[in-house]
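The structure under discussion appears below in the form of structure tokens.
Read-outs throughout are calculated quantities, based only on the coordinates presented, and are distinct from any laboratory measurement. Being a predicted model, the structure only gives us computed values, none of them experimental. Note: ideal-geometry Cβ built from the backbone for every residue, glycine included; neighbour counts use all protein chains shown.
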Amino acid sequence: MADPKARKPIYRMVSFWLFLLLILYTLAGFIGLPWWLQRQVPEQLKTQLGWEGSVTDIDFNPFTMTLDVEGLDARDADGEPVVAAKQLHVDLTVWRLVTGTIAFESIRLDAPFVRVDLLKDYGVNLVRDWTTHHPATETPEEQSASSEPPHLYFNEIQLNDGEVRFRDYSQDQPETFDIQPLDVTLNDLATFGDDGSPSDYTLSAAIDEQQIDWQGNIGLMPFHSNGHVRLRDISHTTLVHFASPYAPYVVNQGTLSLDTDYALSSAGDFALVTRNGELRIDNLSASLPQADQPFATLAALVVKGITFNLADRSLAIGSVDLDSLKGNVSRDKEGLINVLKPFTGPENGSQDTEADTGGDSSGSGFDWRIDTVTLADSDVHWQDAVPETPADISASGINAKLGPLTQALDEPVPYTLNLRTGESGKISARGQVTFVPFTLESTLSLDDIALAPFEPYVQQTANVAFASGTLNVAGELDLDDQTPALTGTFNGNGQIRNLKLTRAGQSDPILSWSSLRLNPVELNLNPGRLEIGTITLTDPDAHIVRAADGSTNLSGLIKSGDTGDSDTAAQEQDAGSSDKPGFVFRVTQIELENGGFDLADRTIKPVFTTGMRKVNGMIEGLSNVPPQQGSVRMSGELGQRGHVDMKGSIGTLGKKDTTHLELNLDNMAMAELSPYFGRYLGYAVDSGKLRMDLKYDITGPKIKADNRIVMDQLTLGQAVQSKDAVNVPVKLGLTLLRDTDGVIDVDLPIEGNLDDPEFRVGQVVLRAFVNLLAKAATSPFTMLGSVAELAGFSGEELGQVAFVPGTTTLAPGEDKKLELLADALAEKPQLLLNVRGAVAPDIDGLALKAERLDTRLDLTANTDRKQRVQALESQLVDQQGEAALKQLQADNNQTGNERFTSAEWVTTLVRSLTRDVQLPPEALNRLAQQRGAVLQKQLSEQYDIPDDQLFLLAPSEDAKTEMGEDAIRVIVPFAMGAR
């Protein structure tokens, strides 16, 4: 048995103290530390951040060095949750503490919650709460000295099913974003240099359907990371919230996805490189602020092959693909385009100016490249409110490809473009473009482009509408932005097919054609030059209508504008050298095939209508460069059977050269002109043919024309009531104008100024003819002047005969007139001669009284004048006395011997002696009847004038007198008529 005194007290035993220490360590670890932490956590949250916090349970295993915290919850001063976690598990690696490193085998956080608020001043709530309870006390030097981070090592960090609530109060409309679930895995992370491999990490987060995946590796000392980032289906609402203060448009819908590999490092200069990047935007819709409808939608925007290197300042993109872009572009009445409105305004204008003047067009300092930009299956709708009638034009099926593009903007970039417009219109272009300075080389093709959608722009200068018509253009277009003006050329051909042009607001066609071809076309912008080889116009048809008020459907077709500038320019051009115009225009030839026109004149009733058909011809050598003489040859059918030929020469366009034209019309039925004859002559036309030979010389606005008009067998029809009809015997005039073959052949020269709105060639010619007809009808014997002049008579003399006063005896030589009239009537059987016996009551009455006096005094016609005077004076002395004779002689200056030879003194004596003599009432009328009968008989029997051409009219007592060679004569006129 051992000696009890030999045993040591238990408190002196090392094992006792070791055991006691173990018990204390165990109690402190399992009970004390959790109890202390459970009280310290809320207290520290309150002290450090001002939060109210609580922990449901804390467990610590001092042997495994693991800490488990459950039910962590913290609320800020407003009582809102700011941090929470379902469970926190921390596994500490003890053995690395001997190296001065705090190492964690694993940290796992289950269902963590963090609320992050971006405040109005762009502060963060977490930072705000910290700085509120921790005012800065250290100097910058002290902060710098203590800035070295502790040595920490994390073997594994896990965040499972986490949530981050981000609330943005920095904008007018607060927004909340819940990032949930958030899963993060991080392996092998150290805050100090380590020769091990960089840590691996993965991050997965979601905001509703929006997904963020981030994986790779990371090192902290120095900071570096390599990995892959994927953003999937990021909603437009998320992006718009942050971009709206800076974005000019409102994004209504759309999602964004991004995939890229990246590498970044802070060792030395900060470096960032991305590779294999792909950006995708789907179902994008954008509108203007306060607009109801989007101006653009996009099915997909895909950017592939994105490579970015910050150190090299370079960006490379493999392709940019836009699919199904739908654009609605419009211009308001003030000329503002909707997509540019956000950039208008003084502040935007000044910024743009600074950017333009300060930018580097060459892109020096930053290299970028885009291999291809592709636009597929896209549509653009253009609405323009500037024209009086708004324009509405759509382009669909737009497919374009451009690239490669680089920062070298002076390098040419190839492109292709194809689109559709209207039902069948197609536009295609391919070539290359340079942006700085701008140049464009393009092979251009326009097929079946409908003209109607472009009608509002045409109506800005012309009151026309396109009922139909398509445009075709093919050629090479080159543009070059030169100082001071844009230069360029176009070489190709063009065609407008199936055109039907109407007046705006009306349906009746004005002009139409099957085809207008221009081939080839050479256009130069600066200096201006247009040269066209052949213009072929097929089946042109013009419709001209003259309304009842005198206007035509062509009146006001071209809208008038301010001509002051053009007039000034024209004056300056005339004042300067005009040998070579500023714009050169040449057309080799114009071919007209099967043309026609219709004319309707509603100013007369019945309405006059005519038309021209089968018009064919050619115009050659048109130019505005002197010296230039073009030529014209044209023919066609006018009316029912008329034929027209035209030929001539055309002077230099725009100059005062003379254009000479000759037009020959033949075989036109004059019945077609019946409405005009009815209006101006008062008779319709039954039959007849018209031929015209016209020669026109046009120099500037001045015109001089010779118009030969031939009317063959013109026959008038029924009378027409017209206030404009000439008030003359029309049939007589026409009969006088006809020759023996029934043909009217007249020359009607005219002159005028085409600039005079009252001058119309057709009206002037018609008036000249009517005036000629009126002259013939009112002075019929003047029209026989050529016949009369052969016998020494004037036309006026031919229309009258002279009688010896008081007798039925013609004055000497008057019977020759009867012979001439007989010849004229024989040549023109349609003429009628009206004979009217007439007397001059004074002269003829005196002659009859003298005849009775001669009988009483035994005087005869053979008595000489002296004997007659002496007998008459003696009779006067017997009747009235010597004093009466002397007084009569004194009153008539007849006191000398010359009175014995004066016929006037004889008449005076007879008048004095017979003043009280009264003739029988029927004496003068009987004399007038006898004169008419004598003339009728002589014309009929002696000169063989047919009875149906000779008419005796009622006698007249208003005959005129005239002084012959030695005696007074009584003049009896004829009257002319027509059947």
Rounded to the nearest 0.05, FRET efficiency between Arg602 and Phe454 (Cβ-Cβ, R0 22 Å) equals 0.10
Out of every Cα-Cα pair in segment 733-864, what percent are more than 26 Å apart? 48
Taking a temperature of 25 °C and a viscosity of 0.890 mPa s, what whole-number D in µm²/s does Stokes-Einstein yield for segment 467-516 with Rh from Kirkwood over alpha carbon pairs? 183
Most exposed first, judged by fewest Cβ atoms within 10 angstrom, Met711, Met963, Met634 run Met963, Met634, Met711
Along the Cα→Cβ direction, 7 angstrom out, place labels at Val625 and Gln215. What is the inter-label distance in nm? 7.5
Spin-label point model (7 Å from Cα, Cβ direction): what's the Asp823 to Lys886 distance in nm? 6.0
Potential lengthening between Ser687 and Trp130 on full extension [0.36 nm per residue; Cα-Cα distance subtracted]: 188.9 nm
Using a 7 Å offset from the Cα along the Cα-to-Cβ direction at both Trp368 and Arg517, what is the distance between the two label points in nm, to one decimal? 4.9
Segment 782-979 - Rg and Dmax from Cα coordinates, angstrom: 19.8, 63
I need the phi-derived Karplus couplings for segment 450-460: 6.51 cos²θ - 1.76 cosθ + 1.60, θ = phi - 60°, integer Hz, Gly and Pro marked x. 5, 7, 4, x, 8, 4, x, 6, 5, 6, 5
Size of charge dipole - segment 586-658 - debye, nearest 20, with Cβ of Lys, Arg +1 and Asp, Glu -1, no other charges: 180
Once the Cβ-Cβ distance between Arg767 and Ser635 is put in as r, and R0 is 45 Å, what FRET efficiency do you end up with, to the nearest 0.05? 0.95
Calculate, in nm to one decimal, what His381 and Ser324 gain on full extension: separation in residues at 0.36 nm each, minus their alpha carbon distance. 19.2 nm
What angle, in degrees between 0 and 90 and rounded to the nearest 10, separates the Cα long axis of helix 923-937 from the longest principal axis of the Cα atoms of the chain? 70
Cα extents of the chain along the principal axes, largest first, in whole Å, come to 234, 57, 51
Semi-axis lengths (Å, descending) of the ellipsoid that matches the C-alpha gyration tensor of segment 656-778: 27, 17, 13
Roughly how many Å is it from the Cα centre of segment 939-979 to that of segment 431-503, as a whole number? 79
Going by C-beta contacts inside 10 Å, put Tyr246, Tyr122, Tyr262 in order with the fewest on the left. Tyr246, Tyr122, Tyr262
What residues of segment 837-858 lie in the reach of a label at Leu919, counting those whose backbone N is under 16 Å from a point 7 Å from the Cα along Cα→Cβ? 837-855
Stretchable slack from Phe343 to Thr93, in nm (0.36 nm times residue separation minus alpha-carbon distance): 83.9 nm
Cα-based reach from Lys120 at 19 Å (exclusive), listing aspartates and glutamates while leaving out same-chain residues under 8 positions away: Asp76, Asp78, Glu80, Asp129, Asp168, Asp172, Glu175
What is the distance in Å between the Cα centroid of segment 517-546 and that of segment 860-890? 96
For Ser378, Ser442, Ser551, order by how many other beta-carbon atoms lie within 10 Å, fewest first: Ser551, Ser442, Ser378
FRET E, pair Glu662, Asn399, Förster distance 51 Å, beta-carbon r, rounded to 0.05: 0.35
Per the Kirkwood treatment, what hydrodynamic radius in Å, one decimal, follows for segment 357-437 from the mean inverse distance over all distinct Cα pairs? 15.1
Ordering of 379-385, 167-173 by burial proxy (mean other Cβ atoms within 10 Å per residue, highest first): 379-385, 167-173
Quick one: angle between helix 346-358 and the longest Cα principal axis of the chain, in degrees between 0 and 90, rounded to 10, please. 80
Return one number: the angle in degrees, 0 to 90 and rounded to the nearest 10, between the long axis of the Cα atoms of helix 761-778 and the longest principal axis of the Cα atoms of the chain. 10
